[in-house]
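> First, the structure itself, so that you have it in front of you.
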RNA sequence: GGAAGAAUGGCAGAGUGGUCGAAUGCGGCGGUCUUGAAAACCGUUGAGGGUCACACCUCCGGGGGUUCGAAUCCCUCUUCUUCCGCCA
């Protein structure tokens with residue numbers, strides 16, 4: 001959520017930057033400013049009413065004490081009127097505040113200056129590419145065929161137990177999953193991130209804190225009996241660690257990492273793009289999260305990108321990095337880099353990581369602040385990224401590392417898998 | 001799941017209808033003293049709104065109510081503690 005004072009002071013900038021998202025925000029922004037003025041006017045009026053009635057209450061107390069009951073009762077009439085008035089004003093204030101907040105909820109983050117304008121993923125800007133796309137042997141297969149051939153992932157069994165999008169990993173497939181999780185966590189820990197194990201269900205307040213609620217409710221699985229939600233990403237429990245927190249400046253920066261399964265309803269997805277591991281209802285992901293001083297957050301974003309790069313280099317997978325255009329940028333993000341691994345047998349790129357700087361957009365909603373050098377509470381910047389999402393990395397490994405003898409496990413993973421080949 | 005108790009500032013912990021944003025202690029910050037430090041002493045130290053700055057308003061787990069007036073009384077929710085039951 002954007003901050004009202006920021007909008008007020010940077011009105012034109014906000015409107016022109018939001019245009020990068022193809023949003024014509026002038027009317028919304030003007031309304032924010034108008035609603036906020038209304039709100040402050042009502043607030044002042046209410047404050048004055050309350051002040052008056054506080055004074056009278058004290059007088060009444062004093063009159064009772066000195067036995068002047070008649071006079072006290074006379075004053076009571078007056079406070080009765082003030083009470084009516086303040087009740088009305090409170091209602092007005094609440095209504096106006098709700099109106100303002102609901103509007104603010106609808107305004108996405110202001111894109112960074114370097115975000116390219118554009119409307120679809122075709123307008124994303126490729127900023128880096130590395131790794132050779134392998135020449136596959138005759139009869140090379142897409143990952144879902146390989147999964148079947150080597151009996152390491154059973155999609156039908158998942159259908160039987162749960163439904164589409166819940167694959168069952170078996171034997172070396174299951175072991176490879178565990179190896180990837182351990183390897184990613186170790187890499188992140190080496191880079192200074194602290195490992196966390198987080199809840200896989202969150203309450204409503206947490207859903208609001210990271211912005212899944214109220215609007216994107218349909219994307220999460222909802223456990224109605226207890227009013228809890230299955231997490232769509234570790235970002236939700238991970239970021240909510242910092243809800244209503246005031247840090248010391250010296251606590252920054254903070255880096256945490258955690259593995260969680262992720263649950264997404266993905267209503268409306270269908271066709272070839274959901275084939276195999278491309279899009280699932282349950283998948284595994286290792287996430288990295290940072291809380292940064294506002295002056296350091298872009299440096300930190302670059303650091304996260306560099307970190308994810310090293311992992312992909314070690315895995316020797318062909319990948320590229322995209323700077324997302326305004327139209328493809330997530331609602332809460334100011335700048336996002338997507339990592340995509342090349343799926344050689346499908347001849348397409350698969351997103352495996354998304355690294356973003358949210359600046360104060362999440363922190364404002366979360367009330368995540370730190371005490372700055374002036375002793376004032378100031379909103380911190382939050383960032384996060386995947387390092388990495390498992391299924392598509394797995395798809396990338398299966399397809400790119402296939403040989404006629406079998407799947408050759410990348411060297412860095414072998415200590416974790418305990419085997420060199422799936423055959 | 002049942003019973004009882006509790007939730008107050010960074011922490012500990014008073015406060016059961018007005019003079020309470022809230023005693024006291026610890027911690028933090030500033031100072032005096034000291035060659036320096038410690039100790040001691042003095043001062044200061046919550047958040048949000050509002051204002052040029054004051055004033056002023058709100059907040060004692062969340063929500064609602066009673067009252068001229070609520071940290072204090074009532075209802076409700078949440079969380080925690082102890083006891084019982086069940087259990088990986």
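> Restricting things to Cα coordinates, could you compute the convex hull volume per residue of the stretch A:4-105 in Å³?
Details: hull volume 8.7 nm³, N = 102.
Dividing the Cα hull volume of the stretch A:4-105 by its residues yields 86 Å³.
> FRET efficiency for residue A:10 and residue A:203, Cβ-Cβ distance as r, R0 = 35 Å, nearest 0.05?
The calculated FRET efficiency here is 0.55.
> Related question: So what's the gap between the Cα centers of the stretch A:41-88 and the stretch A:12-36, to the nearest angstrom?
Result: 43 Å between the Cα centres.
> Also, I was wondering about something else. Using packing as a proxy for protection, rank A:92-104, A:318-330 so that the peptide with the highest average count of other Cβ atoms within 10 Å comes first. It would help to have the intermediate numbers written out before the result.
Working: A:92-104: 15.2, A:318-330: 20.5.
Most protected by this proxy first, the peptides run A:318-330, A:92-104.
> Cβ neighbours within 10 Å, averaged per peptide: list A:190-197, A:281-288 in order, most packed at the top.
So the peptides A:190-197, A:281-288, ranked by packing, come out A:281-288, A:190-197.
> Just need the relative contact order of chain A here, percent rounded to a whole number, with Cα pairs under 8 Å and 6+ apart. Can you show the working numbers first?
On the way: 777 pairs, mean separation 83.6, N = 423.
20 percent.
> With every atom except the alpha carbons ignored, what do you get for Rg and Dmax of the stretch A:104-215, in angstroms?
That works out to 20.5, 56 Å for Rg and Dmax.
> Once R0 is set to 25 Å, what does the formula 1/(1 + (r/R0)^6) return for the Cβ-Cβ distance between residue A:43 and residue A:244, expressed as a FRET efficiency to the nearest 0.05?
Approximately 0.65, to the nearest 0.05.
> Can you tell me how the stretch A:361-412 classifies by the Cα gyration tensor, rounded, prolate or oblate, using a/c under 1.5 as the rounded cut? Intermediate results must be reported in sequence, preceding the final value.
On the way: a/c = 9.07, a/b = 4.18, b/c = 2.17.
Here the stretch A:361-412 falls in the prolate category.
> Turning to a different aspect of this structure: Where does the Debye-calculated log10 I(q)/I(0) of chain A sit at q = 0.10, 0.11, 0.14 Å⁻¹, using only Cα point scatterers of equal weight, no solvent?
Scattering profile of chain A, log10 relative to I(0): -0.77, -0.90, -1.31.
> I want to check the label-to-label distance for residue A:221 and residue A:119. Put each point 7 Å from Cα in the C-beta direction and report it in nm to one decimal.
3.7 nm
> Suppose we look only past 11 Å in the calculated P(r) of the stretch A:160-210. What percent of the Cα-Cα pairs does that tail hold?
Counting every Cα pair in the stretch A:160-210, those more than 11 Å apart make up 78 percent.
> Under a no-solvent Debye model with one identical scatterer per Cα of the stretch A:181-221, what's log10 I(q)/I(0) at q = 0.18, 0.19, 0.21, 0.25 Å⁻¹?
Calculated log10 I(q)/I(0) at the listed q: -0.68, -0.70, -0.73, -0.78.
> In degrees between 0 and 90, to the nearest 10, how far off the longest principal axis of chain A does helix A:390-400 point, with axes built from Cα atoms?
For A:390-400 against chain A, the angle is about 20 degrees.
> Could I ask something else about it? Put one equal scatterer on each alpha carbon of the stretch A:35-85, apply the Debye formula with no solvent term, and list log10 I(q)/I(0) at q = 0.15, 0.19, 0.24, 0.27 1/Å to two decimals.
-0.47, -0.63, -0.83, -0.94
> Let me ask something else about it. So if we plug the beta-carbon distance of residue A:54 and residue A:141 into 1/(1 + (r/R0)^6) with R0 = 51 Å, what FRET efficiency do we get, rounded to 0.05?
In this case the efficiency is close to 0.05.
> Turning to a different aspect of this structure: Just rank A:356, A:373, fewest to most, by other beta-carbon atoms within 10 angstrom.
Taking fewest neighbouring Cβ atoms as first place, the list is A:373, A:356.
> Would you kindly state how much longer the chain becomes between residue A:73 and residue A:30 on full extension, computed as 0.36 nm times their sequence separation minus their alpha carbon distance, in nm to one decimal?
Extra length from residue A:73 to residue A:30 when fully extended: 10.7 nm.
> Continuing with this model, one more query. Packing-wise, with mean Cβ within 10 Å as the measure, how do A:177-188, A:147-158 rank, highest first?
A:177-188, A:147-158
> So if I average 1/r over every pair of distinct C-alpha atoms in the stretch A:312-423 and take the inverse, what Kirkwood radius in Å does that give?
Taking every pair of different Cα atoms in the stretch A:312-423, averaging 1/r and inverting gives 16.5 Å.
Values in this text are rule-based calculations from the coordinates and carry no lab data. No experiment lies behind these values; they were computed from the predicted model shown. Ideal geometry is used to build each Cβ from the backbone, glycine not excepted, and the neighbour counts take in all protein chains shown.
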